[in-house]
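Trainee: Have a look at this one before I ask anything.
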Amino acid sequence: MASLPPIIQNPDIRVLGRILGDVIRTRGGDELFRRTEAIRTASVQRHRGSAHVEAVAAELGALSLDDTLSFTRGFMLFSMLANLAEDRQMSGLAGAAPEAGMTLADAVQQLGDKGVGKAAILAALARAKVVPVLTAHPTEVRRKSMIDHKNRIAELMALADAGAKQASPGESIEAAIRRQVTLLWETRPLRRERIRVADEIDTALAWLRDDFLPVLPTLAQGWAEALGKVPPPFLTVGSWIGGDRDGNPNVNAETLDLAMQANGAALLQYYLDQVHSLGAELSISSEQTAVPAAVLALAEASGDNSSARADEPYRRALTGIYARLAATSVALTGQVPVRPARVAGVPYATPGELLADLNAIAEGADQAGVGGGALDALRIAVSQFGFHLATLDLRQNSDVHEACAAELLALAGVEADYTALGEDAKVALLLGELKSPRLLTTPLAPASERTLGELAIFRAAAAARARHGEAAITTAIVSKTTSVSDLLEPMLMMREAGLLTPGDAPAAGLMVVPLFETIADLEAAPEIMTAYLAIPGVADAARARGCQEVMIGYSDSNKDGGYLTSTWQLHRSSAALAEVFAAADVPIQLFHGRGGSVGRGGGSSFAAIRAQPPGTVAGRIRITEQGEIIAAKYGTPEAARRTLDTMAAATLLATLDPTALPEGEISRFRAAMDKLSADAFASYRGLVYDEPGFRAFFRAMTPISEIATLKIGSRPPSRTASDAIEDLRAIPWVFSWAQARVMLPGWYGVGDALEAFPDKGLLAAMAAEWPFFQAMLANMEMVLAKSDMGIAARYAELAGEAGKPLFGRIESGWHRTVDGLLAATGQSRLLEKNPALDTSIRLRLPYIEPLNLLQVELLKRHRAGEDDPRIAEGLQLSLNAIATALRNSG
């Protein structure tokens, strides 16, 4: 990359592009560099309007297969480095979104300006719960090794920002960066083997240990300045990895145990390291200052009788705390600390016991004038993470629960054909069973392997809660919830595992959480939850734990009904659920099942939280984080700090300063959205589900089959062997359209709805005044800008003559959507009002287009039966490279 187009204003990109170009020339040879530069130049000129796409195709056609692999790798690495540079400097670019740097301190100031005092804010935070939840949904195409090298480059550039000249004695920062870029070039980018659940657990643990664990406590310490005191631990982290078995046969009781043990071992080692450091620091002598009785008692009970430390009660007390933590590590995880304890210790029974000891040390340190710092950070960490680090959710499909319940009831002679019963009869039967302590399982009538496996994971959850604390696992999520019985069936399994106390008002140890996914499910959600909350004991249990959670799914609702209908139905259902819960006097907690791409609920988390209907946040929100988004938002401690601070700020503002339009105005807007949704739904379903040839067209036009060969996840890409759109998982559905540059899940059908809407002035008012509509259009505008109908036409050729009419509908729909969006927002071109994002996307386009053209040619050769392994490898590399360049393709 000897020179760069004028659209690139970021100096980091110029530096990194120059270094990468040097590495390509040095390691790949002058000829590869020359050909790469020729392709880059032709593509840049094409986007400046001075060259035709055929010029790019001609340069690509001159590549050998070996050069194709190297070229693709080079463009992928440039995209990765461009992402790094953009992340570093986006907040400083003119036109960057104001929420990019929003912090909780900013939110406190903003609320203060509106008369909301710190006492009210602290009271709201005392009831709050904000939880990003890591999932293993497979959209991260990059190997962890590649991400680690990229993060090291970011660290080196931060050193340079701070004025450093050397990365280490004798090595300049540029030389160190060059070495990391060379390592990127020489690191194999593709995985050789499919990821196992154990690998997913290890990867998640790296994020948890390296980013969340050190960042969350220090964030809370920093907030104390704005709030006057450290807030309660309202911001924590969750995980599905090891417990989400919906459609993944590789997740079981063993993976749950593995996740809990790995997380617990890492956390306890962190505590041990911090206590050891505090022991070195707190050299307070009883001969120099008074020591509280509680500290003296801990010192005497520690077993540390060293004469050298006889006058150092804090060190002796911490020796005892370290010994007890070491014993806890062995008892809970089997992990012997790297640094042995000096004395014997009894394991802590609960995190509360550890926190009580640390609090005693902290009170004494405060009296001595040396409190705060690392000691307070450790106390906050114990409050946030307990002995488990990340709260692990269980998740399973309702169909599996129903089958298991039916089998258990039949084996016990209770009901021969449970599945044949009507809903009322099912609910009555289940409620009757949950009153009784009698178990259904017996060795005399063993259940099937599936049912035994489900029982095993609930029993493993019970054991994990006994070991690590009740906060270790708190919820059982039921995918595909369509009825009240779907929520009672897992309770039957819980009773068998000792997780439910039977009675007239059964008390479940885990909160059963419905997941409403399709459009019909979302529409039915208020009625189902009304009936569920009316069951004796359910509402009381929810109040006792502080809330009842409801999860809403963005991915499958989008695949089912299209972008606009999905977005609106999620909003409508959220508002309707809030009314149901208010009537029942039960706090609601919504869990947003979002993906990285707009077609799966992606986009700005800040804008999404602020756009929630009034009353639906109330301080409590959980949001899934998955795939490439985890690395983008939490890949370094600094990135994690910014992301978490912004999420906390958005939640606080949505709670205490919800956006409220006049009732008359909001009624007009809602009626308009109902009309838009109905029209968009009809358009989307008419193409995707009602058009007989669409399924074959989709599989021919996009690399959906080839995506299945990427070894990026432990679960199958489809729920069944069927090729129906209904059975395809949302991730490959979105991923494949992104690769073909259509981005269909993020906009199709909206253009028809906007065109047909009679009152264009009302649309403009909605775009100007309504945060919900603004966020929806902003996300859609991003995917429209990333799509390219000219490139998409090349992919459509793969579908042959039969695909032309269908692609024609897609192309004309894209133009209608763009025209409708521009008219509503008052722009003359896409992203006119968002120059930072416009710059980001325009930077990438010259580097994505050649990859798309190359991918199309490789698809033709692969599907024609050419069996050269370099073609399959090139295809996988192109999938990887395009996904990296697009950033949120899955």
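Trainee: Reachable lysines from residue 144, Cα under 25 Å, same-chain residues fewer than 8 places away excluded?
Mentor: 633, 711
Trainee: I've got another one for you. Let me know the charge dipole size of the chain about its Cα centre in debye, to the nearest 20, where only the beta-carbon of Lys, Arg (+1) and Asp, Glu (-1) is charged. List each step's numbers first, then the result.
Mentor: Numbers: 86 positive and 103 negative charges, 342 e Å.
I would put it at about 1640 debye.
Trainee: For a distance above 15 Å, tell me the whole-number percent of Cα pairs in region 367-459 that qualify.
Mentor: On the way: 3066 of 4278 pairs.
Value for region 367-459 (Cα pairs over 15 Å): 72 percent.
Trainee: Right, something else. Provide the gained length on full extension for the span residue 225 to residue 436, in nm with one decimal, where the gain is 0.36 nm per separating residue minus the Cα-Cα distance.
Mentor: 70.7 nm
Trainee: A further question follows. May I ask you to give the average projected area over all directions of the convex hull of the Cα atoms of region 574-681, in nm² rounded to one decimal?
Mentor: Details: hull surface 31.8 nm².
Over all viewing directions, region 574-681 projects a mean Cα-hull area of 7.9 nm².
Trainee: Okay, moving on. In the P(r) worked out for region 635-685, what percent of Cα pairs fall beyond 14 Å? Mind dumping the intermediate values first?
Mentor: Values: 914 of 1275 pairs.
It works out to 72 percent of all Cα pairs.
Trainee: Quick check: residue separation of residue 420 and residue 330 times 0.36 nm, minus the Cα distance between them. What number comes out in nm?
Mentor: 27.5 nm
Trainee: Next up: Charges at C-beta only: +1 for Lys and Arg, -1 for Asp and Glu. How large is the resulting dipole of region 160-288 about its Cα centre, in Debye rounded to 20?
Mentor: Working: 11 positive and 18 negative charges, 80 e Å.
That gives region 160-288 a dipole magnitude of about 380 debye.
Trainee: Could you line up 186, 527 from fewest to most neighbouring Cβ atoms inside 10 Å? Walk me through the numbers on the way to the answer.
Mentor: Values: 186 10, 527 13.
Lowest count first: 186, 527.
Trainee: Within region 474-495, find all residues whose amide N lies under 17 Å from a label point positioned 7 Å from the Cα of residue 726 along Cα-to-beta-carbon.
Mentor: Residues 480-483 qualify, since their backbone N sits under 17 Å from the label point.
Trainee: Would you calculate the separation in nanometres between label points at residue 873 and residue 691, each defined as 7 Å from the Cα along the Cα-to-beta-carbon direction?
Mentor: If labels sit at residue 873 and residue 691, their model points lie 3.8 nm apart.
Trainee: Taking 7 Å along the Cα-to-C-beta vector as the label spot, tell me the residue 829-residue 670 distance in nanometres, rounded to one decimal.
Mentor: The modelled label-to-label distance comes out at 4.0 nm.
Trainee: Considering the dipole of the chain built from charges on the beta carbon (Lys and Arg +1, Asp and Glu -1) around the Cα centre, which of 848, 468, 526 is farthest to its positive end?
Mentor: Going by the charge dipole, the pick is 848.
Trainee: Set the Förster distance to 30 Å, then compute FRET efficiency between residue 18 and residue 187 from the Cβ-Cβ distance, nearest 0.05. It would help to have the intermediate numbers written out before the result.
Mentor: Numbers: r = 20 Å, r/R0 = 0.68.
It comes to 0.90.
Trainee: Do you know the relative contact order of region 391-656, to the nearest whole percent, from alpha carbon pairs under 8 angstrom that are 6+ apart? If you can, show how the numbers build up before the last one.
Mentor: Numbers: 416 pairs, mean separation 39.2, N = 266.
Relative contact order here is 15 percent.
Trainee: Which one of 886, 205, 477 is farthest out on the positive end of the charge dipole of the chain, using unit charges on Cβ (Lys, Arg +1; Asp, Glu -1) and the Cα centre as origin?
Mentor: Working it through, the farthest residue towards the positive pole turns out to be 886.
Trainee: Shifting gears a bit: May I ask you to derive the FRET efficiency for residue 285 and residue 194 from their Cβ-Cβ distance with R0 = 51 Å, giving the value to the nearest 0.05? Could the numbers behind the result be given before it?
Mentor: Details: r = 59 Å, r/R0 = 1.16.
Here the calculated transfer efficiency is 0.30.
Trainee: Could you calculate the FRET efficiency of residue 155 with residue 113 from 1/(1 + (r/R0)^6), where r is the beta carbon distance between them and R0 is 45 Å, rounded to 0.05? Can you show the working numbers first?
Mentor: Numbers: r = 37 Å, r/R0 = 0.82.
Taking R0 as 45 Å, the efficiency between residue 155 and residue 113 is 0.75.
Trainee: Determine the percent antiparallel among the DSSP beta bridges restricted to the chain, to the nearest 5.
Mentor: On the way: 5 of 37 bridges.
Percentage antiparallel, nearest 5: 15.
Trainee: Dimensions of the chain along principal axes (Cα, Å, largest first)?
Mentor: Answer, in whole Å and largest first: 82, 77, 61 Å.
Trainee: Take every Cα pair under 8 Å in region 258-385 that's 6+ residues apart, average their separations, divide by the length, and report that relative contact order as a whole percent. Could you put the intermediate results ahead of the total?
Mentor: Details: 165 pairs, mean separation 33.1, N = 128.
Relative contact order for region 258-385 comes out at 26 percent.
Trainee: Let me ask something else. For region 496-585, state what percent of all Cα-Cα pairs lands in each successive 10 Å bin, counting from 0 Å until the bin that includes the largest distance.
Mentor: 16, 43, 27, 12, 1
Trainee: Between region 229-268 and region 751-803, what is the separation of their alpha carbon centroids in Å?
Mentor: Here the answer is 38 Å between Cα centres.
Trainee: So how do 871-884, 459-472 stack up, highest first, on mean other-Cβ count within 10 Å?
Mentor: On the way: 871-884: 24.0, 459-472: 19.1.
Descending packing order for the listed peptides: 871-884, 459-472.
Trainee: What is the mean projected area of the alpha carbon convex hull for region 218-322, to one decimal in square nanometres? Please report the intermediate quantities before stating the final value.
Mentor: Values: hull surface 41.7 nm².
Spelled out: convex hull of the Cα atoms, projected over all directions, averaged, 10.4 nm².
Trainee: Would region 746-802 count as rounded, prolate or oblate if I go by the C-alpha gyration tensor, calling it rounded below 1.5 in a/c and otherwise prolate when a/b exceeds b/c, oblate otherwise?
Mentor: Details: a/c = 4.07, a/b = 2.11, b/c = 1.93.
It comes out prolate by the Cα gyration axes.
Trainee: State, in angstrom, two size descriptors of region 258-385 derived from its alpha carbons: Rg to one decimal place and Dmax to the nearest whole number.
Mentor: So, for region 258-385, Rg and Dmax equal 14.0, 48 Å respectively.
Trainee: Quick one: pull the percentage of alpha-carbon pairs in region 391-656 with a separation above 33 Å. Each step should come with its number before you reach the end.
Mentor: Values: 8023 of 35245 pairs.
For region 391-656, the fraction of Cα-Cα distances above 33 Å is 23 percent.
Trainee: Identify, among 814, 548, 116, the residue whose Cα sits farthest towards the positive end of the charge dipole of the chain, taking +1 on the Cβ of Lys and Arg and -1 on the Cβ of Asp and Glu, with the dipole about the Cα centre.
Mentor: 814
Trainee: Against the empirical 2.2 N^0.38 Å scaling, what ratio does the C-alpha Rg of region 101-227 come to? Before the final figure, lay out each step's value.
Mentor: Numbers: Rg = 20.5 Å, N = 127, 2.2 N^0.38 = 13.9 Å.
Cα-based Rg divided by the globular estimate yields 1.48.
Trainee: Given labels modelled 7 Å from the Cα in the Cβ direction, how far is it in nm from residue 815 to residue 523?
Mentor: The answer from the label model is 3.3 nm.
Trainee: Oh, and also: Could you work out the relative contact order of the chain? I mean the mean sequence separation of Cα pairs under 8 Å and 6+ apart, divided by the number of residues, in percent.
Mentor: On the way: 1453 pairs, mean separation 147.0, N = 890.
Relative contact order, the chain: 17 percent.
Trainee: I've got another one for you. Which whole-Hz couplings ³J(HN,Hα) result when phi for each residue of region 850-856 is put into the Karplus expression 6.51 cos²θ - 1.76 cosθ + 1.60, θ = phi - 60°, listed in order with x for Gly and Pro?
Mentor: Once θ is set to phi - 60°, the couplings for region 850-856 become x, 5, 4, 4, 5, 4, 4 Hz.
Trainee: While we're looking at this one, here's another question. Please give the length that would be gained between residue 307 and residue 254 if that part of the chain were fully extended, namely 0.36 nm times their separation in residues minus their C-alpha to C-alpha distance (nm, one decimal). Could you put the intermediate results ahead of the total?
Mentor: Working: separation 53, 0.36 × 53 = 19.08 nm, distance 4.73 nm.
Contour length minus the Cα-Cα distance gives 14.4 nm.
Trainee: So for region 663-886, what are the equivalent ellipsoid semi-axes in whole Å, largest first, each being the square root of 5 times an eigenvalue of the Cα gyration tensor? Show your work: numbers first, answer last.
Mentor: Numbers: eigenvalues 222, 79, 48 Å².
Gyration-tensor ellipsoid for region 663-886: 33, 20, 16 Å.
Trainee: Further question on the same structure: Listing 191, 316 from the residue with the fewest other Cβ atoms within 10 Å to the one with the most, what is the order? Write down the numbers at each step before the final one.
Mentor: On the way: 191 17, 316 26.
Lowest count first: 191, 316.
Trainee: Continuing with this model, one more query. Restricting things to alpha carbons, tell me how big region 774-841 is in terms of Rg and Dmax, in Å.
Mentor: Spelled out, the Cα radius of gyration and Dmax of region 774-841 are 13.7, 40 Å.
Trainee: While we're here: If the cut-off is 21 Å between C-alpha atoms, which lysines fall inside it for residue 559, apart from same-chain ones fewer than 8 positions away?
Mentor: 480, 675, 786
Where a number appears in this text, it was derived from the coordinates with a stated rule and is not lab data. Keep in mind the model is a prediction, meaning the values are calculated, not measured. Neighbour counts run over all protein chains shown; Cβ positions are idealised from the backbone, glycine included.
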